[in-house]
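*Asks:* Provided herewith is a single structure, encoded as structure tokens, for subsequent inquiry.
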Amino acid sequence: MSQTKHPVVIANWKMNPATQNEAKTIAKATVAIAKKNTHATVVACVPHIYIAEVKKTTGQGPLLVGAQNCHVDVKGAYTGEHAAMQIKDAGGNYVIVGHSERRKMGEGNELIAKKMLAATVAKLSPILCVGEEVRDTQGNFLTMIETQVVTALSALPKSRLKDVIIAYEPIWAIGTGATATVADVEEMQMFIKKVLTKQFDRTIARHVRIVYGGSVNADNARELFTGSGVDGFLVGGASLKPVDFGKIVSATK
Ligand code: PGA
């Protein structure tokens with residue numbers, strides 16, 4: 001398995017932690033992890049309200065900051081929403097798009113495609129989440145993943161595709177303690193590369209980084225990373241525990 005690329009490990013804090021103080025504590029510890037692990041790009045996707053604070057903690061340091069969602073428009077009457085440009089202006093460089101927890105709230109592939117475009121226009125690197133609810137034996141889940149990838153990337157100019165990260169997150173593995181097997185993740189990683197080659201070309205398929213997410217922890221990270229060919233991880237629960245998150249990041253060495 002060739003691991004020629006620079007790994008990327010993304011923390012997805014979701015709607016955590018409960019206070020600004022806790023956010024500062026986790027941010028400081030995550031900055032230290034990023035400093036110790038220069039072999040990887042470390043990104044913290046935090047609630048919008050914490051973006052500026054986490055950015056202040058890292059300063060020009062190696063921890064990069066991201067959001068977990070953005071709106072499709074640049075500004076306007078959208079109560080409660082945040083534009084990609086506002087995330088960028090607050091210090092963000094990344095944004096998660098199409099997380100299954102948002103798809104569950106009603107986001108479909110077409111809307112996700114528009115958000116991908118909005119993110120790249122604002123010069124944010126989008127982290128596109130794809131994943132199946134169940135693995136059926138007929139392989140229908142593969143067709144569904146293909147549609148998620150192809151639709152989400154269809155509106156992007158070719159020049160921005162290299163900024164895209166695709167996170168394969170099987171829904172049944174998110175927050176459940178159940179992970180996909182190394183073989184399943186490897187198969188999916190190769191399948192997504194095939195889809196990208198078909199939709200674009202080999203060069204783009206090589207450049208787009210693919211990470212795995214779903215119950216990644218300090219114990220399973222090394223095996224998942226070395227065995228599956230992914231470029232890194234999208235980490236939910238364990239990203240709020242700096243000791244564990246540190247181990248996950250070093251597992252990508
Ligand atoms: P988890 O979440 O690591 O807690 O399973 C991953 C995610 O939802 O991004």
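The values are calculated or read from the model by the stated rules, or taken from the named source; none is laboratory data. None of these values were measured; they are calculated from a predicted model. Cβ: placed from backbone, ideal geometry, glycine included. Neighbour counts: every protein chain shown. For accessibility, only protein heavy atoms count, side chains too; no ligands or nucleic acids. Shrake-Rupley method; radii C 1.70, N 1.55, O 1.52, S 1.80 Å.
*Asks:* Sticking with the crude label model, points 7 Å out along Cα→Cβ, report the distance from Lys75 to Asp89 in nm, one decimal please.
*Replies:* 0.6
*Asks:* Rank Ile26, Ile87, Ile165 by mean-square fluctuation in a GNM of the chain with C-alpha springs under 10 angstrom and give only the top-ranked residue.
*Replies:* Ile26
*Asks:* Determine the per residue accessible area of the chain with all protein chains present and a 1.4 angstrom probe, expressed in square angstrom.
*Replies:* Values: 11470 Å² over 253 residues.
Heavy-atom accessible area per residue stands at 45 Å².
*Asks:* Above 13 angstrom, tally the Cα pairs of the range 148-202 and express them as a % of all pairs, no decimals.
*Replies:* Cα-Cα pairs in the range 148-202 separated by more than 13 Å: 66 percent.
*Asks:* Follow-up. Looking at the P(r) of the range 1-69, how many percent of alpha-carbon pairs lie beyond 20 Å?
*Replies:* Details: 589 of 2346 pairs.
Summing the P(r) of the range 1-69 above 20 Å gives 25 percent of all pairs.
*Asks:* Taking 4 °C and 1.567 mPa s as the conditions, I'd like the Stokes-Einstein D for the range 8-250 in µm²/s, using the Kirkwood hydrodynamic radius from alpha carbon pairs.
*Replies:* Taking Rh from Cα pairs, D becomes 73 µm²/s.
*Asks:* Please enumerate, by chain and number, the aspartates and glutamates with C-alpha under 15 Å from the C-alpha of Lys14, excluding those fewer than 8 residues away in the same chain.
*Replies:* Reachable aspartates and glutamates: Glu22, Glu101, Glu169.
*Asks:* Jot down the radius of gyration and Dmax of the range 124-253, Cα atoms only, both in angstrom.
*Replies:* Spelled out, the Cα radius of gyration and Dmax of the range 124-253 are 14.4, 40 Å.
*Asks:* Of the heavy-atom accessible surface of the chain (probe 1.4 angstrom), what whole percent is carbon and sulfur?
*Replies:* Values: 6290 of 11470 Å².
Reported share for carbon and sulfur atoms: 55 percent.
*Asks:* Per residue of the chain, what 222 nm ellipticity follows from adding -39500 (n - 2.57) for every DSSP H run with n ≥ 4, rounded to the nearest 500?
*Replies:* -12000 deg cm²/dmol
*Asks:* Using a/c under 1.5 as the rounded threshold, could you call the range 1-119 rounded, prolate or oblate? The axes a ≥ b ≥ c are square roots of the C-alpha gyration tensor eigenvalues, and prolate needs a/b larger than b/c, oblate otherwise.
*Replies:* Oblate, because a/c is 1.5 or more while a/b does not exceed b/c.
*Asks:* Provide the per-residue ³J(HN,Hα) series for the range 26-43, in order, calculated from phi with Karplus coefficients 6.51, -1.76, 1.60 and θ = phi - 60°, each as a whole number of Hz, with x at glycine and proline positions.
*Replies:* 5, 4, 4, 5, 6, 4, 4, 5, 5, 5, 7, 10, 6, 6, 10, 8, 10, 10
*Asks:* For Gly213, what residues show an amide H to amide H distance below 5 Å, using hydrogens built from the backbone and excluding near sequence neighbours?
*Replies:* It is Tyr168, Glu169, Leu234, by chain and number.
*Asks:* Still on this model: Would you check the range 96-253 for Lys pairs whose C-alpha atoms are within less than 18 Å, ignoring same-chain pairs closer than 8 in sequence, and give me the count?
*Replies:* Within the range 96-253, the lysine pair count is 16.
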